[in-house]
Each structure stands twice: as C-alpha cells, then as structure tokens.
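Colleague: First the structure, then my questions, so here it is.
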Amino acid sequence: MRKSYLPVIVLFFLLAFSGTGLIAQDGVIRGFIYEEESGEPAMFCNAVLEGTSYGSSTDVNGYFIISKIDPGVYTLVITYLGYDTITERVKIDADKIISKNYSLKKSSVKLETITVSAERAEARTETKTSVVKITPKDIKQIPSIGGQADFAQYLQVVPGVVFTGDQGGQFYIRGGSPIQNKVMLDGMTVYNPFHSIGLFSVFETDIIRSADVYTGGFNAEYGGRLSSVMDITTKDGNKKRYSGVVGASTFGARAVLEGPIVKQKATDRGSSSFVLSFKNSYLAESSKIFYDYIDEDGLPFNFSDFYGKVSLNAANGSKVSFFGFNFNDNVVNYKAISDFGWKSSGGGANFVIIPGRAPVLIDGIIAYSQYKSNIESSTLSERSSFIGGFNAGFNFTYFLGKDELKFGFELEGYRTEYNFNNFLGAEIDQIENTTQLGMFAKYKSVIGKFIIEPGLRLQVYASLSEISPEPRLAVKYNATDYLRFKLAAGMYTQNLIAASSDRDVVNLFYGFLSGPENLPDSFDGKDVNSKLQKSNHVVFGTEFDISNSITMNIEGYYKYFPQLTNINRFKIYSEENAPVGASDVETKDFIFEKGDAYGVDVVFKYDYRKAYLWLVYSLGYVTRQYEDPDGNMVKYTPHFDRRHNVNVVFSYITGKKREWEFGARWNLGTGFPFTQIQGFYEYLTFPGGINTDYVTENGQVGIIYGDLFKGRLPIYHRLDIDIKRNIYLSANSKIVLDLSVTNVYDRENVFYVDVVTNETVYQLPFMPSFGLSLYF
C-alpha cells in the first residue's frame with residue numbers, strides 16, 4: 001500500500017500543474033492587502049470594482065483575487081473597518097492578470113456609525129455552516145481570567161462546545177470526544193491544546209492571526225477526525241518595527257517579541273520577519289501566597305509554552321515560514337491525582353506560492369510533532385502514552401469568477417505507544433506505526449441565490465489496508481439580504497482511538513492508540529468488515545440579521561457514529577489463557593460501540609459602538625451502545641453528555657480615549673454523568689499463586705461499580721468579571737492593568753469525589769487575580 005503513494009502523488013502534481021495554463025479566463029486582478037503599521041495581512045478586507053458585481057474578500061494571508069472580469073476600465077475600492085478607504089482606477093485587459101499590493105492606513109476619525117463589516121459580507125458569499133472565526137480582538141472581548149486573555153476561555157462560549165470545567169482541560173464538541181477533534185497550528189498537528197487548569201490553552205493570544213473552529217459538517221479539505229476541526233494560524237511578525245508585550249499576573253507571566261529581519265519598505269518589495277512567544281504558570285508557587293485558602297499546599301498547575309516562527313516574504317506575496325513549539329504541563333501531588341504530566345513539541349514549514357500566469361493559489365505544509373503523557377496515582381491505574389508523527393500537504397485553489405475549485409492531498413505517518421492496566425488489572429500494551437493518505441477536491445459554485453459546495457475526500461489507511469471515500473456537501477440559500485438558510489453534510493472516518501478509562505469521573509489523562517488489531521469479529525450480531533471508526537453529519541441552520549448590529553444564528557445537527565472503538569472494560573482473559581467458550585468481549589483488548597449526538601445551538605449577538613453582548617444556548621444529547629459479554633446491546637450516556645449549556649458574555653468600553661473596559665461572563669451547564677459506587681470488598685491479588693494463604697493475606701480495596709454513567713453531577717454555574725485600564729504612553733506603547741475575579745459568588749462546583757475517602761473535591765472557588773502588561 002505504501003509503495004503506491006509515490007505514483008499517486010506524482011500523477012496528482014502533473015494534473016495540478018498542467019491545469020495552470022488550461023483554465024480559460026477574462027481579465028484578472030489580484031494581490032495582497034496589508035496593514036501599513038505592521039505589514040501584517042489585512043484579513044477579511046473587501047475589494048470590489050465599483051458599480052459592478054465583481055468583488056472579493058481577503059483570506060487569512062491578505063490575498064484577494066477578482067477573476068473573469070470583462071475588459072474595461074474600473075474603479076477598485078478597498079474598504080476595511082477602522083481604516084481609510086483606498087480607491088484606484090484599473091484597466092482590465094482580456095487574458096491578462098494584474099497583480100497589485102496595497103497598504104491600509106488606520107483612520108484618523110473614530111467612526112460611530114454602523115458599517116457593514118467584512119464578516120457580514122462573507123456570510124453572504126460563503127457557506128459558513130458550523131464554523132466560528134475567531135481573532136485576538138474577539139478573545140479579548142471576554143473576561144481575561146488570571147489577567148491573561150486566552151483562546152481556551154473564548155472557546156468555552158462557542159456554541160456546541162462543552163468543557164469539563166476549570167480543571168481537566170478537555171473539550172467536547174457536539175458529541176465528539178477530544179480524540180475526535182483535530183487541532184492544527186499553522187497546519188501542524190497539536191495533540192493536546194489545553195492545559196490541566198482549563199483556563200489556558202497552549203496558544204499565546206497576541207500571536208494568533210485567526211482561528212477557524214468547525215463544530216461539524218466540515219468540507220473535504222479536512223479529514224482523519226470524526227467530529228470537529230480547529231485550524232489556528234499565527235502572525236508572521238511585524239515587518240516594520242520591533243514590537244511585543246511583556247506581562248505578569250498572579251497566575252503566570254508571558255512575553256512576545258516580533259519584528260523585521262529585513263524590513264518591508266514597500267508593498268512590492270520582499271521582507272522577512274520573526275515572532276517569538278513564551279508563557280508559563282507559577283500558580284504552584286503564587287497560590288501559596290494569594291490562594292492559600294483554597295489549599296495550603298498550593299494549586300499544583302504548572303505549565304510552560306514556547307513558540308517561534310520566521311517568515312520569508314517575496315515581492316509578489318509568495319512566502320515560506322519556519323516554525324517550532326515546545327509545550328509542557330505538570331500536575332504534582334494534587335488530592336487523589338498524584339502526578340500527571342505531558343510534553344509536546346514539534347516543528348515544520350509552510351508556504352504560499354502565487355504563480356504568475358494563472359488565477360491560482362498554491363499552499364503546502366510539512367511538519368513533525370509529538371506528545372507524551374503519563375499519570376501515576378494511588379487510586380487510578382498507571383498509564384502512559386506517546387504519539388509522534390509527520391504531516392505533509394499540498395493544496396491548489398483556482399479562482400473562476402465567483403466560483404472556486406480547490407484540491408490537494410495530505411500524507412500522515414505516526415507512531416503510538418501505550419501502556420495501561422484496566423480496572424480488572426489486565427495489562428494492555430500497544431506499539432503501532434500508521435501511515436495514511438488523504439486526497440480531496442471541492443468546488444464552490446454560485447447559482448443565483450444559491451451557493452453550492454460539493455466535495456469528495458478519499459482517505460487511504462495503509463496500516464489497515466482500507467480506502468474510505470467520503471462525500472461532503474455544503475449549501476447556502478440567500479433568501480434576502482438579511483435571511484439565509486444553510487445545510488452541511490458529510491461522511492468521516494478516523495484511525496486514532498482514545499485510551500481513557502470510562503470508570504473515571506474526570507479524565508485528566510488522555511492517551512492515543514492507532515490501528516488496533518485485537519478487535520472482535522462481530523458487533524451487534526453482524527460481521528465486522530472494517531476497523532475504522534466512522535461518523536455521518538447533517539447540519540441545518542439559518543442566519544438572520546435582525547438589524548445592522550444584531551444577528552441571530554440557529555443550527556440543528558445530527559451526528560451518527562455507526563462504529564467506534566473503545567478500550568474493552570470487560571476483558572478478563574488473555575487470548576492465550578482464555579477458557580473454551582469465552583467471548584470476544586472477554587478476551588479482546590478493544591470493543592466496538594455505536595451512538596449518536598444531536599441538538600440545537602442558538603446564538604444571539606449584539607455589537608454596537610462600545611457595547612457587545614453574546615448569548616448562547618445549546619441543547620445536546622449524546623448516547624452510546626456497546627455489546628456486553630452475553631451479546632446484549634447496552635445503551636449509556638458518556639461522561640461528556642451535557643443536556644443544557646448557557647453562556648452570557650457582555651463587554652463595554654468607555655472613557656474619552658476608550659481606556660476603560662468591563663467584561664462579564666456567566667456560564668450554566670447541567671451536570672455530567674458519572675459511574676456510581678455500590679460498595680467495596682477486599683480484593684486479593686494472590687501474589688504467590690495457588691500457594692497464597694488467603695486466610696492471612698492482606699487484600700486491597702476493591703470497588704463494586706454501579707451501572708455505567710447512571711449518576712449525574714450537580715449543575716455547574718459560574719460568574720467571572722474583568723476590568724481593564726489602558727494607560728497610553730505613546731502611539732505604539734501602552735500599559736494595561738487587569739483586575740479579574742473567577743467564580744464571583746463562590747459557587748461550589750463539583751470536580752470529582754474520591755471513591756475511597758468520599759471526599760468531594762471542588763472546582764476553583766472565588767479567585768481574584770491581577771495582571772499588568774506592557775505593549776510596545
């Protein structure tokens with residue numbers, strides 16, 4: 001299977017490049033739009049030919065292209081909220097491409113009138129089903145807990161996203177577990193993006209350019225995961241001057257430095273730049289001073305994150321970037337969780353190429369990343385996990401007027417190592433090497449008021465000798481300028497599986513497994529002919545612009561999981577020593593499950609002048625079914641099933657210089673399921689085998705579990721507030737003072753219950769924090 005990859009990829013490139021000269025076209029104008037102050041791309045900026053229907057919006061690289069233009073003289077108008085408008089007369093000739101780069105100046109006048117944003121315009125020209133676009137500005141609009149605005153804090157208010165709480169650091173998206181959510185940083189896979197204290201991610205807010213969060217129904221350019229995708233892009237670094245930020249709070253410290261290696265002297269000249277970021281938590285030490293009322297031994301949540309990037313930019317907008325990261329997380333001797341930690345690192349390069357003779361954009365990535373985690377505990381079984389591998393991809397996007405054709409491939413290879421003792425003491429030890437190839441194509445067509453975007457992904461799993469065709473579809477209907485209907489659907493597969501214990505109330509540890517071979521031959525009375533995990537998505541929604549400042553979005557979704565793989569909680573024999581008649585459920589390392597997830601997400605957004613209000617309500621149902629040793633199908637709700645979830649976010653800016661910022665966030669969620677304890681018994685390990693004297697042998701505490709996840713934790717709710725004061729020192733520098741309070745009314749939200757001592761351990765209580773940041 002692996003030997004067949006090379007000719008397939010070679011054929012792919014021949015077809016791709018041969019097409020660059022074959023696509024017929026009228027006139028084309030394209031280029032890049034930058035912010036003059038920093039040289040960073042101006043994302044989602046509008047570029048239109050005045051008085052016509054020709055227009056485009058810039059992408060994450062600041063790239064715009066308007067194609068299939070009738071020859072003639074036009075006025076190009078470039079608009080971007082908060083910046084001066086650019087107008088220029090351009091002459092369009094048949095079969096010629098005009099390349100123009102522009103630089104936007106910040107407007108000297110503070111506009112208090114409503115302007116139709118690029119986001120609103122994009123909603124009318126893109127299918128945008130089950131996707132949320134996030135920028136640093138969005139992240140900073142919500143309360144910055146611990147004095148540091150963070151991607152993890154914003155993600156908690158995204159519709160369909162459920163967090164396990166202040167501690168745990170795991171997210172669940174529309175019925176998908178963390179293992180089913182793909183996270184990419186500049187195109188590189190990140191296996192665990194959240195720290196054990198769930199208030200912080202591994203991503204530094206001030207270096208994020210944009211983040212696209214797909215909660216379901218994503219199209220063919222993404223694959224290898226069953227539930228969702230988070231695609232995060234970082235800045236290239238300031239191309240004009242050295243700048244950055246240093247900050248410290250009662251939780252931790254951070255620093256960002258960016259600047260030019262070769263300055264960008266003009267938009268049609270090349271340049272190079274860098275960006276470096278570092279942040280860490282010293283909460284384990286500072287909590288002994290500021291938060292000793294929580295635990296006199298301190299809160300042992302330590303982490304450190306480093307990221308670096310160098311970008312080389314050509315005059316025509318083509319570029320190549322080199323990047324690397326090192327993330328660490330460590331929890332030491334916390335309550336029943338004795339020691340838990342993980343380390344993640346990686347590096348790679350990505351590129352964007354703008355050919356001179358065709359309306360096409362070419363981009364690609366090659367990277368390697370790894371993740372290693374382990375847990376040691378007196379109450380939970382010891383486990384360790386490692387995953388490391390590469391991913392490489394090449395994509396082509398052809399612009400055909402209002403239509404678009406995008407196709408490409410992605411090659412992945414990784415190694416997984418896992419060691420685990422299940423609750424019956426049986427050891428599971430697995431080492432696997434996996435290679436997989438994904439090829440995709442999608443076409444966006446604008447037909448009247450319809451935007452139709454069919455796609456197809458072909459996923460080849462070499463280690464399993466399986467090929468999975470996966471059709472995708474997205475449709476939007478612009479009923480009026482203010483009302484839109486949308487639909488997305490698709491089929492998805494995955495090879496990676498999680499290695500968590502379903503008996504744990506809260507999972508800090510999450511291991512990775514791939515390509516399991518030790519699987520049952522049948523499931524639910526049918527023979528199994530595939531080892532892949534599978535899901536099917538259908539999403540339907542509507543967008544309604546109530547006014548220029550008020551929008552509403554409603555989406556209903558259904559995800560069906562016809563085949564999932566899970567750690568076998570019923571294994572009691574090894575296959576070599578199993579008695580005659582033992583079932584697969586009693587001897588295999590893994591079992592199959594199936595299930596579904598469905599619900600409705602409602603979002604209300606008000607954004608006018610100095611006030612911002614975001615209301616989110618999510619109703620969700622998640623169920624799973626497994627086959628017990630007697631062949632009966634048993635239905636249960638997994639530990640991440642949250643029926644109701646409500647988020648209210650409010651922010652307000654005031655002062656003559658808009659120097660005061662106030663923010664508040666309130667979250668309410670119904671309780672998570674957990675497996676109750678029915679009783680205890682003395683568990684004898686028989687260390688001497690048949691010669692053990694069971695009369696005098698001291699046993700261990702054995703636990704008798706109830707039905708799987710029949711209990712429910714109490715309702716979770718919490719209010720956080722935040723006040724910021726901006727002190728402006730110069731045009732490019734300021735000091736930001738940040739006072740925040742987590743859990744204002746000191747709600748006792750349950751984290752877990754120690755099954756031996758019956759002690760209830762709570763989430764974070766009332767916690768004020770103060771932070772200071774210097775921007776320069």
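The values are calculated or read from the model by the stated rules, or taken from the named source; none is laboratory data. Not measured: the values here are computed from a predicted model. Cβ coordinates were reconstructed from backbone atoms using ideal geometry, including for glycine residues, and neighbour counts include every protein chain displayed. Note: accessible area is taken over every heavy atom of the protein model, side chains too, but ligands, DNA and RNA are not part of it. Shrake-Rupley method; radii C 1.70, N 1.55, O 1.52, S 1.80 Å.
Colleague: Within segment 364-372, does at least one residue satisfy the condition of being more than 20 Å from Glu258 (Cα to Cα), open to solvent by less than 10 Å² (accessible area, probe 1.4 Å), out of contact with any Lys or Arg (no Cβ under 6 Å at 6 or more places or on another chain) and free of Cβ contacts under 8 Å to residues at least 60 places away in the same chain?
Modeller: Within segment 364-372, one or more residues are more than 20 Å from Glu258 (Cα to Cα), open to solvent by less than 10 Å² (accessible area, probe 1.4 Å), out of contact with any Lys or Arg (no Cβ under 6 Å at 6 or more places or on another chain) and free of Cβ contacts under 8 Å to residues at least 60 places away in the same chain.
Colleague: Go through segment 9-41 and give me each residue that's surrounded by 15 or more Cβ atoms within 10 Å (Cβ to Cβ), modelled with pLDDT under 90 and among the aliphatic types (A, V, I, L, M).
Modeller: Across segment 9-41, the qualifying residues are Ile9, Ala16.
Colleague: Can you tell me which residue in segment 130-163 is nearest to Asp305 (Cα to Cα), limited to those that are among the aromatic types (Phe, Trp, Tyr) and modelled with pLDDT of 90 or more?
Modeller: The selected residue is Phe151.
Colleague: Let me ask something else about it. Quick one: which of Val646, Val622 is open to solvent by less than 30 Å² (accessible area, probe 1.4 Å) and under 21 Å from the mean Cα position of the chain (by Cα)?
Modeller: Val622
Colleague: Just to be sure before I move on: is Phe604 open to solvent by 60 Å² or more (accessible area, probe 1.4 Å) and of a type outside the set (Asp, Glu) in the structure I sent?
Modeller: So Phe604 fails the test.
Colleague: Does Val475 qualify as being under 12 Å from Glu126 (Cα atoms), of a type in the set (Val, Ile, Thr), over 22 Å from the mean Cα position of the chain (by Cα) and in a strand (DSSP E or B)?
Modeller: Here the answer is yes, as Val475 does meet what is asked.
Colleague: Only residues that are of a type in the set (Asp, Glu), more than 25 Å from Ala248 (Cβ to Cβ) and in contact with a strand residue (DSSP E or B) (Cβ under 6 Å, 6 or more places away or on another chain): list them for segment 707-751, please.
Modeller: Of everything in segment 707-751, just one residue is of a type in the set (Asp, Glu), more than 25 Å from Ala248 (Cβ to Cβ) and in contact with a strand residue (DSSP E or B) (Cβ under 6 Å, 6 or more places away or on another chain), namely Glu748.
Colleague: Can you name the strands (runs of 3 or more DSSP E) wholly within segment 241-350 that have at least 1 residues being acidic (Asp, Glu)?
Modeller: Where strands (runs of 3 or more DSSP E) fall fully within segment 241-350 and carry at least 1 residues being acidic (Asp, Glu), they are 252-262, 301-313, 319-334.
Colleague: Right, Leu226: of a type in the set (A, V, I, L, M, F, W, C) and open to solvent by 50 Å² or more (accessible area, probe 1.4 Å) or not?
Modeller: Criteria not met by Leu226.
Colleague: A follow-up question, please. For segment 210-223, name all the residues that are of a type outside the set (Gly, Ala, Ser) and either open to solvent by less than 10 Å² (accessible area, probe 1.4 Å) or in a loop (DSSP other than H, G, I, E, B) (or both).
Modeller: Val213, Thr215, Phe218, Asn219, Glu221, Tyr222
Colleague: Could you list, in sequence order, all residues of segment 337-348 that are at pLDDT 90 or above and surrounded by 19 or more Cβ atoms within 10 Å (Cβ to Cβ)?
Modeller: Once the filter is applied, which keeps residues that are at pLDDT 90 or above and surrounded by 19 or more Cβ atoms within 10 Å (Cβ to Cβ), segment 337-348 yields Trp342, Ser344, Gly346, Gly348.
Colleague: Hey, another quick one. Scan segment 709-722 and report the pairs whose first residue is within 14 Å of Ser651 (Cβ to Cβ) and whose second residue is open to solvent by 10 Å² or more (accessible area, probe 1.4 Å) and not small (Gly, Ala, Ser), with Cβ atoms within less than 6 Å and a gap of 6+ or a chain change.
Modeller: Asp720/Arg665; Ile721/Val741; Ile721/Val744
Colleague: Filter segment 148-195 down to the residues that are farther than 26 Å from Ala253 by Cα and among the small types (Gly, Ala, Ser), then identify the one that is surrounded by the fewest Cβ atoms within 10 Å (Cβ to Cβ).
Modeller: That would be Ser177.
Colleague: What single numbered condition from (1) in a strand (DSSP E or B); (2) more than 29 Å from the chain's Cα centre (by Cα) fails to hold for Asp481?
Modeller: With (1) in a strand (DSSP E or B); (2) more than 29 Å from the chain's Cα centre (by Cα) applied to Asp481, the lone miss is (1).
Colleague: Checking the conditions here, which among Tyr598, Tyr636, Tyr652 is open to solvent by 20 Å² or more (accessible area, probe 1.4 Å), over 30 Å from Tyr728 (Cα atoms), in contact (Cβ under 8 Å) with a residue 40 or more places away in the chain and not β-branched (Val, Ile, Thr)?
Modeller: Tyr598
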